[in-house]
Amino acid sequence: MSIRRRLTSHLSDFKSDVKAKATSRSAWILPKESNSFAPEDTWTNKDNDVTPPSRRTWTSWTILGFWFSDALNMQGWENPSSIIAIGLTWREAILCNCMGMVIVAIPLVLNGAIGSALHVPYPVAARSGFGFHFAKFAVVVRMVTALFWHSIQTYSGSFALTNCISAIWPSYLTIPNHIPENIGVTSQQLASHTLFWFIQLPILLIPPHKLKWFFAFKTVVVMASCIGVAAGMTHLAKSHGDMWDQKATIHGSEKSWKILSCMMSSAGGWATMATNIPDFTRYMRGGKGQYWQGLFLPVISTFVGIMAIISTSCAGVVYGEYIWDPTSLAAKWNSPAGRAAKFFVGFSWVVGQIGTNLSANVITAANDMTSLFPKYINIRRGALLATIIGGWVMQPWKIENSASQLLTFMSGLAVFLAPVAAILAADWWIVKRKHVDVPALYNPHGRYQYWHGINWRAVVTFVISLTPNLPGLANSVTPSLGLSGGIVHVWDINYLYGFWVAVFVYSSLSLLFPEPETLIPETVSGDSLWKDESEDVIEAYNPATDTYEEASSTEKIPVYAEKEEPKAF
């Protein structure tokens, strides 16, 4: 068949498919999975199944590469440097950032162990503690936060793209504004946002495992940019005074509470990953490698934070103001050499934001959508929906107007995720003692249905953990409320309070009022989903030793096969 005839045939098929989906909802239905633990009357898809051994390829080095890719983003730069902008010194900013990372690394490691042991995604793992149906609530909470992060990081990326364009064509910054001021965005900013969204879109639709080169490239250019900006600003500040002689502008008890609040903000930036980390550790080859992320995240984030703090502190000396946004800092460079540096800094953060959106936000939200609507949404469709909602339905320009609003936003996300992460961790480590019936996690009528699919202990825990933080959240968003006293200070330790109180309450309720059916003496593995008795065996996975073992071709032991990808868009 000629190329022309083939193209004509494909175009005809595409038109027929679009027409069918436009006129009938049934045309959107995905092929039903037949080899899942889910019963016949429960729809599921391969993205929620137990990870096949052939895909369990992650090692400690993979985890290191993942965190290099994920942690190198503009919010990782902006959060610690914005701590200086609200009145603390560079020493206190480093302390807040480092301690915040340590605080969030604890649930990150605790919940990461669930994925590396059971090899199931977060939406499925949550059913053990929340109940089959109430777990959907936990999934929605996490999905909304992932969409928010995708939205804000996409908008941040548009400012980086503005640096690139204006470095070549300075007149781009003078585009007339035709958008009302109360909207919060100008015509030029909206143009950059649109361009960035369309540049990012095709990359977001490519499976992450096919973009290893992109993530490696991102690591190199973003780290080079961070070091280069810090070194360049240090060089400029030498002729303007001592950049390390910055004084705090707040004192006393206000300063103490502000330090605690900034620690929570740093932790809140990674609260989403501390909750859904099983989505990634499910691909671990062994169970021990994931524990390294408890070190990797604080070290990498502290490196980015130190570069950001140095640059922001230098900006206070050189320009007379603290500039916590790297794209705003680069916008100050208008000499020929400065414009070249502006382009490189803008380009590095364009790459950085796209990489983080792909690895942490879009795939995360898409996973959630596949678990909520498995009949109609797969990863590809979920990724497309996520980037449309995050890019256009939400309005990130109303969040990124100031340093204080960014910190409030990041802390606000944490108070909703802290109890979810706590219930997940407490259920696995304390209540279930690491013994879970994996096949039952896929059965709405199985041992994890609790009461009509709802574990009331998780409901009570969520309410107790979240409610005391709501007055502080409201006061932060609307300072005119004028709330004061101890209830507001609970907000200053929001993630610490929310997580550890939830761990205590959920564990206590579950031990005092146990659900006997959910307590089993040994884990029931999900690897039977991938077994196929055959004499043609090369190697097999041994759960007892957590390794792959060679086997004789005459031995009848399980062969693990990988299912084919569904062809539907």
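Checked against the criterion of being out of contact with any helix residue (DSSP H, G or I) (no Cβ under 9 Å at 6 or more places or on another chain) and assigned to a helix (DSSP H, G or I), region 243-253 contains one or more residues that satisfy it. When the criteria are applied in full, residue 310 meets the requirement of being of a type outside the set (Gly, Ala, Ser), modelled with pLDDT under 90, farther than 22 Å from residue 108 by Cα and surrounded by 22 or more Cβ atoms within 10 Å (Cβ to Cβ).
Which of the residues belonging to region 76-96 are open to solvent by 10 Å² or more (accessible area, probe 1.4 Å) and under 18 Å from the mean Cα position of the chain (by Cα)? Across region 76-96, the qualifying residue is only 76.
Within region 130-139, how many residues are open to solvent by 10 Å² or more (accessible area, probe 1.4 Å) and either in a helix (DSSP H, G or I) or β-branched (Val, Ile, Thr) (or both)? Please lay out each step first, then the result.
In the first step, residues of region 130-139 are kept if they are open to solvent by 10 Å² or more (accessible area, probe 1.4 Å); the result is 132-134, 136-137.
From what is left, the residues that are either in a helix (DSSP H, G or I) or β-branched (Val, Ile, Thr) (or both) are 136-137.
Matching residues across region 130-139 total 2.
Within region 495-552, if we keep just the residues that are hydroxyl-bearing (Ser, Thr, Tyr), surrounded by fewer than 17 Cβ atoms within 10 Å (Cβ to Cβ) and modelled with pLDDT of 90 or more, the residue that is farthest from residue 263 (Cα to Cα) turns out to be 523.
In the condition set (1) farther than 21 Å from residue 349 by Cα; (2) open to solvent by less than 30 Å² (accessible area, probe 1.4 Å); (3) outside any helix (DSSP H, G or I), residue 185 is compliant with all but (1). Residues considered: 142, 127. Of these, the only one that is over 19 Å from residue 353 (Cα atoms), open to solvent by 10 Å² or more (accessible area, probe 1.4 Å), touching a residue at least 24 places away in the same chain (Cβ under 8 Å) and basic (Lys, Arg) is 127.
Look at residue 261 and say whether it is more than 28 Å from residue 173 (Cβ to Cβ), in a helix (DSSP H, G or I) and over 27 Å from the mean Cα position of the chain (by Cα).
Values: more than 28 Å from residue 173 (Cβ to Cβ): yes; in a helix (DSSP H, G or I): yes; over 27 Å from the mean Cα position of the chain (by Cα): no.
Taking the combined requirement at face value, the residue does not satisfy it.
Within region 311-327, can you find the residues that are part of a helix (DSSP H, G or I) and either at positive phi or under 28 Å from the mean Cα position of the chain (by Cα) (or both)?
Within region 311-327, 311, 312, 326, 327 meet the criteria.
When region 50-73 is limited to residues that are part of a helix (DSSP H, G or I) and β-branched (Val, Ile, Thr), the one that is surrounded by the most Cβ atoms within 10 Å (Cβ to Cβ) turns out to be 63.
The values are calculated or read from the model by the stated rules, or taken from the named source; none is laboratory data. All of these numbers come straight from a predicted model, not from anything done at the bench. Please note: Cβ atoms are built from the backbone with ideal geometry, for glycine as well, and neighbour counts cover all protein chains shown. Quick note on the areas: whole protein, heavy atoms, side chains included, nothing else; ligands and nucleic acids left out. Shrake-Rupley method; radii C 1.70, N 1.55, O 1.52, S 1.80 Å.
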